[in-house]
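**Q** Quick one: the structure is below, questions incoming.
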Amino acid sequence: MATTQVETHRNYIGGKWVESVTGRTYPVHNPAHTDQLVGEFQTSGADDTLHAVAAAKDGLKIWANTPAPARANIMYKALDIMGRRAEELAETITVEEGKPISDARAEVKRAMAIMEYAAGEGRRMFGYTTPSELPDTVAYTTRRPLGVVGIITPWNFPLAIPAWKIAPALICGNALVFKPASATPHSAVKLLEIFEEAGLPAGVLNLVTGPGGQVGNALVESPDVKGISFTGSTEIGTDLYSESAKRLKKVQAEMGGKNAVIVLSDADMDKAMNGIVQGAFGSTGQRCTATSRVIVEESVHDQFVTELIDRTSKLTVGDGIDPANDVAPLSSQNQKDKVLEFIGIGAEEGANLAFGGRDLMDGDLKEGYYVEPTVFTGVTSDMRIAQEEIFGPVLTVFKAKDLKEAIDIANSVEFGLSSSVYTKDITKAYEYINTVETGMVHVNASTLGGEVHLPFGGLNSSGVGQREQGTAAVDFFSEVITVYIDHAGEAN
Ligand code: UN1
């Protein structure tokens, strides 16, 4: 790959592939082989963003007036094309983001599921009718698109997160400016190709690649942009939300997590172990729903830790493109530095480094950003590794005397995205469901994922604005208009 010609990819604005007005491009590398170039991408700035917003305003005129079932027909075509290109897309995800190919394939399936679900909404998108208090009057609600909407997505799901924002936004009739993470623009370029081939009218979906700051600010500041859907860090999401609020824009921001699993003494240990190992180390822990804390009831704690270390030690680390590997590289040097820094902090804070913690770039895995899967035990809630999102293959283990103490530990963080409890006791499971402070709660299953027809999102620092996916996505990407019609024809 290093020796072949590197392709330069362009922005997609108003139905055309165009260069950035900055005249600059930037390289993207494969995190498993940092000398391999994925491609060159446009370094876009505020002017490119404003061009894309203007193109979206034009696209909106056609798209908002296209019946939703006709919009759905284009979505179904895009879904077919995505199915045809599924394996190529999975490889693209692994090569630019690093995740294991099995995770990348699952990501493509997920993107397809959301497109299928959104296309179905084209024939629903319900309003409601209700009696009016006045005679000869009909009252009902209907939906309209917001207008031009900004879509800002992270690098860890380069295809699925864009799809789960873009598909419902398009079905609702919006025109979009899409800014993918600067580290993973290749999947985004391919998603645009798919919608282009499906026949989406020019201007309806526009792509602007490059660093976040300028493009994001231009979207926030433009009076023509009516809404923004963002997934990324709590720091940037908070800023984006408050700046947008000043301008009365509708925003949904999906942000960090510090997801806990509670293991009670009656749990099926095998089942718990499978969910926890997958939750902590799958996708190299680079998932906002990743399991980063396990809180184990005292009586089974030691047995659990022994088994966990055994399972963790059997994980194979290497290039995600090889299906034999369970854990792949981190997505960038920055991510690797951050994860290693947290491992150092954990040790300084007095947690017990029970397994892993090594920088594997110092050993056999020189070519990529590899860090060993890591387990800390003896962790307490006052530690930074117990509070801050690490976003890597690092699991922290706590001991609790009972369910109540375990829930207190689970709730002792600023985040509230996902959580889980392993128990066979229905009373305890319900106590947990009713008191844990997370937007998504699992019983006897990992903290990961979610189904596309159910709402996705978190409480507190994990999210703000409407939930994503399911009918919640339709609520976010549309305005409800209330209509009153007096059909009496003359004064009563
Ligand atoms: C998942 O758990 O499969 O950025 C999805 C993230 C989340 C999506 C997680 N917004 O990791």
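**Q** Which one of these does ILE166 not meet: (1) without any contact (Cβ under 8 Å) to a residue 40 or more places away in the chain; (2) over 21 Å from the mean Cα position of the chain (by Cα)?
**A** (2)
**Q** Only one of (1) surrounded by fewer than 19 Cβ atoms within 10 Å (Cβ to Cβ); (2) modelled with pLDDT under 95; (3) under 30 Å from THR447 (Cα atoms) fails for SER265. Which number is that?
**A** Against the list (1) surrounded by fewer than 19 Cβ atoms within 10 Å (Cβ to Cβ); (2) modelled with pLDDT under 95; (3) under 30 Å from THR447 (Cα atoms), SER265 comes up short only on (2).
**Q** So which helices (runs of 4 or more DSSP H) stay within region 386-492 end to end and still have 1 or more residues that are modelled with pLDDT of 95 or more and within 16 Å of the ligand (Cβ to nearest atom)?
**A** In region 386-492, the matching helices (runs of 4 or more DSSP H) lie at 470-476.
**Q** Output the residues belonging to region 283-308 that are among the aliphatic types (A, V, I, L, M) and more than 16 Å from the ligand (Cβ to nearest atom).
**A** Within region 283-308, VAL294, ILE295, VAL296, VAL300, VAL305, LEU308 meet the criteria.
**Q** Of the residues that sit in region 125-140 and are open to solvent by 100 Å² or more (accessible area, probe 1.4 Å), of a type outside the set (A, V, I, L, M, F, W, C) and assigned to a loop (DSSP other than H, G, I, E, B), which one is nearest to GLY470 (Cα to Cα)?
**A** Looking at the filtered set, the residue picked out is TYR128.
**Q** Could you please find all residues in region 120-163 being more than 26 Å from the chain's Cα centre (by Cα) and on the phi > 0 side of the Ramachandran plot?
**A** Correct list: ASP136 only.
**Q** Which of the residues belonging to region 452-470 are touching a residue at least 60 places away in the same chain (Cβ under 8 Å) and open to solvent by 30 Å² or more (accessible area, probe 1.4 Å)?
**A** HIS453, VAL464, GLY465, GLN466, ARG467
Listed here are the residues, each with its yes/no results for (1) within 15 Å of the ligand (Cβ to nearest atom); (2) out of contact with any Ser or Thr (no Cβ under 9 Å at 6 or more places or on another chain); (3) part of a strand (DSSP E or B).
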site: PHE178; (1), (2), (3): no, no, yes
site: LYS190; (1), (2), (3): no, no, no
site: THR209; (1), (2), (3): no, no, no
site: ALA218; (1), (2), (3): no, no, no
site: LYS226; (1), (2), (3): no, yes, yes
site: SER229; (1), (2), (3): yes, no, yes
site: GLU235; (1), (2), (3): yes, yes, no
site: VAL251; (1), (2), (3): no, no, yes
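**Q** Would you mind telling me which numbered condition in (1) closer than 24 Å to ALA104 by Cβ; (2) surrounded by fewer than 21 Cβ atoms within 10 Å (Cβ to Cβ) PRO373 fails?
**A** Failed condition: (2).
**Q** Next question, about the same structure. Please go through region 291-308 and give me each residue that is open to solvent by 10 Å² or more (accessible area, probe 1.4 Å) and either touching a residue at least 40 places away in the same chain (Cβ under 8 Å) or not β-branched (Val, Ile, Thr) (or both), ordered by number.
**A** Scanning region 291-308 gives SER292, GLU297, GLU298, SER299, HIS301, ASP302, GLN303, VAL305, GLU307.
**Q** Any idea which of TRP164, TRP155 is at pLDDT 95 or above, of a type in the set (Phe, Trp, Tyr) and over 21 Å from LYS249 (Cα atoms)?
**A** Just one listed residue meets the conditions, TRP155.
The values are calculated or read from the model by the stated rules, or taken from the named source; none is laboratory data. These figures come from a predicted structure and were not determined experimentally. Quick reminder, even Gly has a Cβ in these numbers, built from the backbone with ideal geometry, and neighbours come from all protein chains shown. Please note that ligands, DNA and RNA were not included when accessible areas were found on the heavy atoms of the full protein model with its side chains. Shrake-Rupley method; radii C 1.70, N 1.55, O 1.52, S 1.80 Å.
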